[in-house]
Amino acid sequence: METKSVEKGKRINIGAGNLKYPDNTYRKLYYSLSALWLVLFVISVFKENNGLFQKLVMPAIYGINGAFFFFKAHFELSSTSKYAPHFIISENGLKIKTGVFKNSEFIKWKDVKKVELGYYKIGIKDKTGLQFYPYKTRKETSIQIKRAIEEIASQKEIEVENLLKR
C-alpha cells in the first residue's frame, strides 16, 4: 500500500460522524461559534483589565476556542477540503483518509485480493496482509461507501465479504 496524490473518482466525504443533523448544519453552527469566540477575544483585548488572568488568559482562551471551531468547520466539515476525511473510489484504486490529521492511503485494485465490509470499517487484504480502516460517519454514508467499493470490486473480480451478514 502506498500514498498517492488525489486521483479522479467518486469522492464520498465521511463527515462529522454519526450525528442526527446534516453536516451543513454543523458547519454553520461551528462558523457561528467561531465568530462568537473571536468577538469575545476582540472585546477582551480592547477592554481595560486589571489582573493578569483577564489581560492574558481569557483572551487566549477565547482566541483558541475561535480558532478551533473555525478549523473544524472550514477543514473537517468541508465537502471540498483535501484535509476532510473521505474515500475516493476510482477505476485504478481506493484512496482512504479517515481523519483530518491522518495521512491518506492509496490502494491499487490490482494489489487487492479481498475486501471485507464491516460495521463502520473496510478491510483490505493484499500481499502485505489484512488491514482494517475504521471510520465514523452516518449510516447512509457508510452504506454508500460500501456499495461503491463493492461495485468496483465486482468489476475487478475481487472477492468481497460482507462481515455484517455472518
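None of the figures in this text is laboratory data; all of them are computed from the coordinates on show. Just so you know, these numbers come straight off a predicted model, no measurement behind them. As a convention, Cβ positions derive from the backbone with ideal geometry for all residues, glycine included, and neighbour counts pool all protein chains shown.
Excluding Pro134 itself, what net charge comes from residues whose Cβ is under 14 Å from its Cβ, given Lys and Arg +1 and Asp and Glu -1?
+3
Based solely on C-alpha atoms, express the radius of gyration and the Dmax of segment 95-166 in angstrom.
11.8, 33
How charged is the neighbourhood of Val100? Take every other residue with its Cβ under 10 Å from the Cβ of Val100, and add Lys/Arg as +1 and Asp/Glu as -1.
Combined, the nearby Lys, Arg, Asp and Glu give +2.
Sorted from largest to smallest, which semi-axis lengths in Å does the alpha carbon gyration tensor of the chain give for its equivalent ellipsoid, taking the root of 5 times each eigenvalue?
For the chain, the semi-axes come out at 42, 15, 13 Å.
Over the chain, calculate the relative contact order: mean separation of alpha carbon pairs under 8 Å at least 6 apart, over the residue count, as a percent.
Computed over the chain, the figure is 26 percent.
Rounded to whole Hz and in sequence order, give me ³J(HN,Hα) for segment 101-114 from the Karplus expression 6.51 cos²θ - 1.76 cosθ + 1.60, θ = phi - 60°, writing x for Gly and Pro.
Ordered by residue, 3J(HN,Hα) equals 9, 9, 6, 7, 10, 10, 10, 6, 4, 5, 8, 7, 9, 7 Hz.
Per-residue ellipticity at 222 nm for the chain, helices alone: DSSP H runs ≥ 4 residues times -39500 (n - 2.57), over residue total, nearest 500 deg cm²/dmol?
-11500 deg cm²/dmol
Order these by the 10 Å Cβ neighbour count, fewest first: Asp23, Asp126.
Lowest to highest Cβ neighbour count: Asp126, Asp23.
Quick one, can you get me the convex hull of the C-alpha atoms of segment 23-76 expressed as volume per residue in Å³?
49 Å³
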